[in-house]
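The values are calculated or read from the model by the stated rules, or taken from the named source; none is laboratory data. All values reported here derive from a predicted model rather than from experimental measurement. Cβ placement follows ideal geometry from the backbone for every residue including glycine, while neighbour counts extend to all protein chains displayed. Note: accessible area is taken over every heavy atom of the protein model, side chains too, but ligands, DNA and RNA are not part of it. Shrake-Rupley method; radii C 1.70, N 1.55, O 1.52, S 1.80 Å.
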Amino acid sequence: MKRKLALLFVIIVLILIGIFGWMVYIIRVSGEKYTRKVLAQQDTNSVLLPYKRGDIYDRNGTILATSEKVYNLILDPAVLLENQNVQPEKDCVEPTLQALVSYFGLDREELNTIMEEKKNSHYVVLAKQLTKDQVSELEEAMEETNSRIAGVWLEDSYIRRYPYNNLACNVIGYTVAGNVGQYGIEQQYSEILNGENGRSYNYLNEDLEQEKTVRPATDGNSVISTIDITLQEIVEKEIADFQEKYRNAYREGDGSYTTAAIMMNPNNGEIYAMASNRNYDLNNPYDVVLNGLYTEEEAANLSEEERLNALNELWRNYCISDTYEPGSTAKPLTVAAALETGIVHDGDTYLCDGKKNVAGKDIWCSKKIGHGVITLEGSIVLSCNDALMQIAEKLGETNFSRYQNMFNLGLRTNIDLPGEARTDSLIYYAKENAPSENLVMRVTDLATNSFGQNFNVTMIQMASAFSSCINGGYYYKPHVVKKVMDNSGGTIENIDPVLLRTPISSKTSALLRRYLYNTMYGEPDANGNGATAKTARIAGYAMGGKTGTAEMIPRDKTNYLVSFIGFAPADHPEVVLYVIVDRPNAEKQYTSAFAQELWKNIMKEALPYLNIYPTEEIPEDMKAEVEAEQAAAAATQEEEESEEEEPVPEGAVVDPQTGETVQMPDPDTIDQEDPSVMGDVPVNDNLLDVKPAEATEEPEDDNPTE
């Protein structure tokens, strides 16, 4: 018995040694071949499932940016050739290549070359970003019972689409390969908008049966912006109209070098609209011809560096990335600081003789012959530089610098957009706080800073600071996104308004609202000085605002940036609009009437949309303007109606039921005494016996020296 067991043991050992030897032989002789085959099978059976990047909406749910599903056409030559070599009767090469030529118009010679040169490849991209309609025929053919199409598959992908092309481009931004956001919300919220790719795996289970496991993709979250697409359209339209109206007016080119606007809610920092004349097609951001930078001939001669430099300038969001001297729109900030510190009071008076000597140098007022004796209110209403310099002298460098900081000048607002400019080195500081000697505020700096010259700001800084002056004294962080949602529409996060500080009291804010109202509606004072912003008034509305004219370096009385910032309604502001016009296309650039005109045109359309309606009587000096507008509107309506109504031919009438024009019979050709009403129509005699039914009853400008 023991000998039999020993023999059996020896036999088993020999068998195991044989199997082991055979395995060693296979590994040495064919190991590399099988390794490649296994790895190739793993690559083929693992499919990437891309996520869908989240959408961007306007505040009312209109899609501003979305990801559209598309397909990449993939060829697997190795799989396609496998049956041809092993089982010729299952050869699918010819039917597959014919299908590709038929359904996608691919070149057969190129396909033959791919099959020859990449016969061991499992992944060859034949076409990208195909739509559902473009791939539907192939999908139907592959699903047929006796389909001979193999080695071809469709890889899911997404492409970013912007339904409104140029609209709000500076706020939205765009994406590049790999869902990388560039500029705007696309960049700032890229991590939130992006999701996580999934993957599908095929594998053999313990019974050697093929199974699939899928790790689904996680789509990105979506964001609701504060932008109102209707207000954005109004702003962009009026900017474009302004640029066109003044094109070639004095020099060759557009109506200005730059025209820009910000519209916001002063009570929570939400941006309703933000735009400039620098805009581009979000669906084609790199096309310098389509985006109006160059002609095709000019573009052909550009170097890559020149092309990118031009595009970078185009992509910049002027409203947050460019700086300039604000001019007199900064005067309310100076007066607010003086009121808060108690060095001035409502009703204080100042003598303006047209200039003030500061450190041995005359600095002129906007009215060189002087305004005479004016009130604190008049310093804003009349935009008096002399009075502002006197106020700033009392305020002193320390307090002036402290309130600049409280109004966030010199600091970033930290708006939720990339590319906000730094201005910390573009303002002056009190000596004890100056970061360097060259930024120490001298007496001349204090004087010129008081009326908005000799320091730089961004548009978003000024709009936010001004809002805090008229909303009761609350400085809110500006923002362009108000909500984050998951891919099923559920709210993940509400982005609430952020109150950063209260630079002034509600009492001071109320005084400023009154001063700014009178800047637009005030009567001439005892010296005959008139309000400086009457051009911006809209009949029937009570509003407030401030003009600005900044003489640009080198201050040779040639180039100016003009602006206007205002709000409505006057008593409880609901909207602030800030517009700038950099070097208007005019001989006399310094008149703020250009900015007031643009502001007025935007607000005329925006206010009714915002449900802000006229509440005031029309001023006497505006009645002629209103009558002219009404007459023009009536003439336009009459012209449109006359074009729509075609004259009715003589002897014809319009059928009120069908709207058709019917030619009436000529009475001269009709026998008026003929009693027949049926003509030649056959009459059914049976109807003649029917009895009739019984009847029933039926029931002003700033000055260049600023």
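Any idea what the dipole of region 369-498 comes to, in debye rounded to 20, about its Cα centre with Lys/Arg Cβ at +1 and Asp/Glu Cβ at -1? The calculation lands at about 40 debye. Element breakdown for region 209-327 at a 1.4 angstrom probe: carbon and sulfur atoms account for 42% of the accessible area. When region 463-516 is described by a simple charge dipole with +1 on each Lys and Arg Cβ and -1 on each Asp and Glu Cβ, the residue from TYR515, GLY490, CYS469 located farthest towards its positive end is TYR515. Each of ASN279, LEU48, ALA261 was scored by the projection of its Cα onto the charge dipole of the chain, and the greatest displacement toward the positive side belongs to LEU48; charges sit on the C-beta of Lys, Arg, Asp and Glu. Each semi-axis of the equivalent ellipsoid for region 502-548 is √(5λ) with λ an eigenvalue of the Cα gyration tensor; in descending order they amount to 21, 14, 9 Å.
Measuring between their Cα centroids, region 229-254 and region 60-76 lie 33 Å from each other. Summary of the geometry: region 268-300 and region 559-591, compared by the centres of their Cα atoms, lie 23 Å apart. As a rough guide to protection, the peptides 134-144, 516-526, 231-241 ranked by mean Cβ packing within 10 Å, highest first, stand as 231-241, 516-526, 134-144. In this label model, ALA177 and LYS128 are separated by 0.6 nm, measuring between points 7 Å along each Cα→Cβ vector. Cross-linked pairs LYS69/LYS245; LYS394/LYS557; LYS237/LYS623; LYS507/LYS557; LYS482/LYS623: Cα-Cα separations exceed 32 Å for LYS69/LYS245; LYS507/LYS557; LYS482/LYS623.
Annotation: amide H-H contacts under 5 Å for ASN166 (H modelled 1.01 Å from N, sequence separation of 5 or more, or interchain): LEU282. Counted over the chain, the DSSP beta bridges are approximately 95% antiparallel.
Taking amide H as placed 1.01 Å from N in the peptide plane, LYS355 has its amide H under 5 Å from the amide H of CYS365, each at least 5 places away in sequence or on another chain. Residues whose amide H lies under 5 Å from that of ASN585, counting only those 5 or more places away or on a different chain, are SER256; hydrogens are built 1.01 Å from N in the peptide plane. Charged neighbours of ASN166, selected by a Cβ distance under 13 Å, balance to -2 (K, R count +1; D, E count -1).
In order along region 565-571, phi translates into HN-Hα couplings of 10, x, 8, 7, x, 5, 7 Hz, rounded to whole numbers, per the Karplus curve 6.51 cos²θ - 1.76 cosθ + 1.60 with θ = phi - 60° and x for Gly and Pro. Principal axis extents of the C-alpha atoms in the chain (largest first, rounded to whole Å): 131, 111, 57.
For the chain, the 222 nm mean residue ellipticity estimated from helices alone, with every DSSP H stretch of n ≥ 4 adding -39500 (n - 2.57) and the total spread over all residues, rounds to -11500 deg cm²/dmol.
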